[in-house]
Structures are given as C-alpha cells and as structure tokens.
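**Q** Supplied in structure tokens, the structure appears directly below.
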Amino acid sequence: MRVLDLGCGSGRDLALWKVTAFDEVTGLDVDGSSLAIAKLRFPNRTYLQGAGECLPFDDESFDRVISAVALPYMNIQKALAEIHRTLVPDGGLSLSLHLPGFTMAELLHNAMPKPVPTLFRLYVMANGLLFHVTGKTVGFLRGMRVALHRAGFVNLSFSRAAGPAGEAFMVEATKSKVIDRFAAARAA
C-alpha cells in the first residue's frame, strides 16, 4: 500500500495507524530540519519537503493519506482537495485533530510568555473557531464534515482516541469510487 504521511514532522511510528513495514511510506512536511531527523529515524521511507496545499505528486499516487494533527495548520480546503486528487478511487484518509481544549491549554500554559508562538496559536484557534462555525476555514467536527463532503469524501467517521499527544479527534474518510470532477472546484 502506498501511504502519504502528510505533515510528518520528524517521522513517527505509524503502527497506531495500522501501517506496516510492507507499506511504501512517503512523508511530506514544510520543515526541512524535521525531515532530516525523519530520514535518520526511518531510512526506508521517502521524505520530501512541501506543503499540503500543493502536493508534489501525480493524481492517484496514494492508496491512503495520514495526517496527525497537521491539517489545522494548513488551508484545509486546499489541502483536502489535494489529498482527494492524489488518492486512488476508494482510497482512505485518516486524520487526527487536537481537541479544542488542547489549543486553549497550550495557549494558556505554554505560549503566553512567548509572543510569536502566542500569536500563532491565537491564529490557529481563531481559524478553528471560524471553521467550526462556517465550515470555510480551519476547525473541528461540524466544519470538518462539511469540508470533507465539499472535497468529495464519503464514508465519514469521527471518534475520540488516545494518541501520543493526548486525546484527539480521529477522522476517517474515503475517496468516492465515483469521480466527482466538481468536488475540487467546490473545495477551492
């Protein structure tokens, strides 16, 4: 199975995502220094620098895309359209998203003495709230459901699960076997 780890950071054990040693994993992240660490940790994987809004892959390049708490830091609509484009029909999407309380705790406990991280977390939090309400920017459950449908995903499921960074929303979706040529245009 060809798997894209979108927002891979410094690499991670993907066993939680049911990825095996037989799967062909490609990691993508915007941070070159994190990718250097990932290449050392997991030398059998391919790592590339790039952004989720403009994936450097051909159409239908992956059977599955995984993104662990990275999607809210991207333009969600553009990233979902790109994910949809690069997945094979019936390909799977697995996401984890921080719970709203995590962002608030991070803001209050870790970022306040530091102005740049504070501003960034406020930006992420504001985008999350806007997306939750309108479905047009960044966010959680209702907005994520709307954004996934707009991008052409089906078979949506949402749950909470414990992960390495604490409890998170887990989102599963599938690219429809029926090609919706207008889904990407609606997501843009």
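**Q** Is it the case that the range 40-55 has a residue that's polar (S, T, N, Q) and either assigned to a helix (DSSP H, G or I) or under 20 Å from Glu172 (Cβ atoms) (or both)?
**A** Our first condition is that a residue be polar (S, T, N, Q); within the range 40-55, this holds for 44, 46, 49.
Narrowing the set further to residues that are either assigned to a helix (DSSP H, G or I) or under 20 Å from Glu172 (Cβ atoms) (or both) leaves none.
Checking the range 40-55: not a single residue is polar (S, T, N, Q) and either assigned to a helix (DSSP H, G or I) or under 20 Å from Glu172 (Cβ atoms) (or both).
**Q** Shifting gears a bit: Could you list, in sequence order, the residues of the range 142-174 that are of a type in the set (Val, Ile, Thr) and modelled with pLDDT under 85?
**A** Answer for the range 142-174, where residues must be of a type in the set (Val, Ile, Thr) and modelled with pLDDT under 85: just Val146.
**Q** Does the range 70-79 contain any residue that is surrounded by fewer than 19 Cβ atoms within 10 Å (Cβ to Cβ), in contact (Cβ under 8 Å) with a residue 60 or more places away in the chain and part of a strand (DSSP E or B)?
**A** No, because not a single residue in the range 70-79 is surrounded by fewer than 19 Cβ atoms within 10 Å (Cβ to Cβ), in contact (Cβ under 8 Å) with a residue 60 or more places away in the chain and part of a strand (DSSP E or B).
**Q** Restricted to the range 7-38, and to residues that are part of a strand (DSSP E or B) and touching an Asp or Glu at 6+ places or on another chain (Cβ under 8 Å), which residue is farthest from Glu82 (Cα to Cα)? Lay out the reasoning, then the answer.
**A** Let us first name the residues in the range 7-38 that are part of a strand (DSSP E or B), namely 24-29.
Pick out the ones that are also touching an Asp or Glu at 6+ places or on another chain (Cβ under 8 Å) and you get 25-28.
On the way: Val25: 18, Thr26: 15, Gly27: 15, Leu28: 13 Å.
So, considering only residues that are part of a strand (DSSP E or B) and touching an Asp or Glu at 6+ places or on another chain (Cβ under 8 Å), the one farthest from Glu82 (Cα to Cα) is Val25.
**Q** Among the residues of the range 39-48, is there at least one that is open to solvent by less than 20 Å² (accessible area, probe 1.4 Å) and within 17 Å of Ser94 (Cβ to Cβ)? Walk me through how you get there before you give the answer.
**A** Here is the first cut: in the range 39-48, the residues open to solvent by less than 20 Å² (accessible area, probe 1.4 Å) are 47.
Checking which are within 17 Å of Ser94 (Cβ to Cβ) leaves us with none.
So far as the range 39-48 goes, no, none of its residues is open to solvent by less than 20 Å² (accessible area, probe 1.4 Å) and within 17 Å of Ser94 (Cβ to Cβ).
**Q** Looking only at the range 51-69, how many residues end up being farther than 24 Å from Thr20 by Cα and open to solvent by less than 40 Å² (accessible area, probe 1.4 Å)?
**A** Looking only at that region, the number is 1.
The values are calculated or read from the model by the stated rules, or taken from the named source; none is laboratory data. Because the structure is a prediction, the values reported are computed rather than measured. Using ideal geometry, Cβ is built from the backbone for each residue, glycine included, and neighbour counts are taken over all protein chains shown. Accessible surface is based on the protein model in full, side chains and every heavy atom, while ligands, DNA and RNA are left aside. Shrake-Rupley method; radii C 1.70, N 1.55, O 1.52, S 1.80 Å.
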